Amino acid sequence: MSFNNLVTHDGVGCKQAPELMMQAHVVVFLLRLLKKLQYVRDTQNSNLELDDELTLVGRVLHHFMRAAFYNTHEITEIEKTGDRWENNNIRRIGRVTNSSLALINHSCDPNYRRVSDGVTTYGFACKPIGKGKEISDIYCKPFGSAPLQDRHRYLQKYNFKCECPACTNNWPDLAGLPSSLEGLPAKLYCQPANKIDSQAKRIQRAEDNFTKISNKRDSTPVEIINSIVTVLEEVHKLVRQPHQMIVYWENQLHQAL
């Protein structure tokens, strides 16, 4: 019943005729398959009219189609294309619905990512999440990969306007973000001025350790992931979003996992 109760946005927003026609055609096609395979009876014996039972089945199918449309997550698999983990390609293979994870709201700068292993999906924090803070997923490309207008255009199908910090402040994409740890506005620092240099050195040591571990041919995935997490933790101790290092190392963590 949990899948049945997921949001469908039925009756919300201005649905275009092509979308409604496509959904109607798919439902009729599925009904005819069910009739052909004798899963349902047709008391009308007609291809043009539906009896009460077929009408009910059609409504259920349409409801499930809309629930799946708004609540599925993309599934990918790793295609090994090189000797190093960062050289692997990520290939899309389908979509999956998880009725619990579908309840997590969107942000263009999420603090949570997903990794699937078979039929199990694991969620992990990609940045520090304080007590009482909301966990946020992402329904479109992150702010570092797509401009504001493109993100909002894609999110229209979910019938809401994103007002996350990346959108309300119109943060630039990855290329336009500050990359240096020096000379930033005071509001981007998490440390007082007299501790910035020492924290920057901690970040450099963490990056050097990651490079050393990733270059070892016998490094384990756990060692690589832990080294990336250490870099991310040290970066977050010094700077706040929007910053290129945060986006870069969050992407590294997601790819490594």
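The values are calculated or read from the model by the stated rules, or taken from the named source; none is laboratory data. Keep in mind that what you see is a predicted model, and the values were worked out from it rather than measured. Positions of Cβ are backbone-derived with ideal geometry, glycine not excepted, and every protein chain shown enters the neighbour counts. These area figures cover heavy atoms from the full protein model, side chains too; ligands, DNA and RNA do not enter into them. Shrake-Rupley method; radii C 1.70, N 1.55, O 1.52, S 1.80 Å.
Worth pointing out:
- One residue from S107, S100, S116, S136 being open to solvent by less than 30 Å² (accessible area, probe 1.4 Å), out of contact with any Pro (no Cβ under 7 Å at 6 or more places or on another chain) and of a type in the set (G, A, S): S107
- When we screen P242, P172, P221 for residues that are open to solvent by 30 Å² or more (accessible area, probe 1.4 Å), at pLDDT 95 or above and under 28 Å from I138 (Cβ atoms), the only hit is P172.
- Annotation: of all residues in region 67-83 being more than 14 Å from the chain's Cα centre (by Cα), open to solvent by less than 80 Å² (accessible area, probe 1.4 Å) and within 21 Å of N251 (Cα to Cα), the one that is modelled with the lowest pLDDT is G82.
- Restricting attention to region 232-250, the residues being in contact (Cβ under 8 Å) with a residue 60 or more places away in the chain and either in contact with a helix residue (DSSP H, G or I) (Cβ under 6 Å, 6 or more places away or on another chain) or assigned to a helix (DSSP H, G or I) (or both) number 9.
- Out of G130, G123, sole residue that is assigned to a loop (DSSP other than H, G, I, E, B) and open to solvent by less than 70 Å² (accessible area, probe 1.4 Å): G130
- Of the residues making up region 3-32, just one is assigned to a helix (DSSP H, G or I) and modelled with pLDDT under 75, namely A17.
- Filter result for E86 (surrounded by fewer than 13 Cβ atoms within 10 Å (Cβ to Cβ), of a type in the set (D, E) and in a helix (DSSP H, G or I)): yes
- All positions within region 139-149 that are more than 9 Å from the chain's Cα centre (by Cα) and either of a type in the set (D, E) or buried (at least 18 other Cβ atoms within 10 Å of the Cβ) (or both): F143, G144, L148
- Residue check, L181 assigned to a helix (DSSP H, G or I), in contact (Cβ under 8 Å) with a residue 60 or more places away in the chain and either in contact with a Pro (Cβ under 6 Å, 6 or more places away or on another chain) or crowded, with 17+ Cβ neighbours inside 10 Å (or both): no
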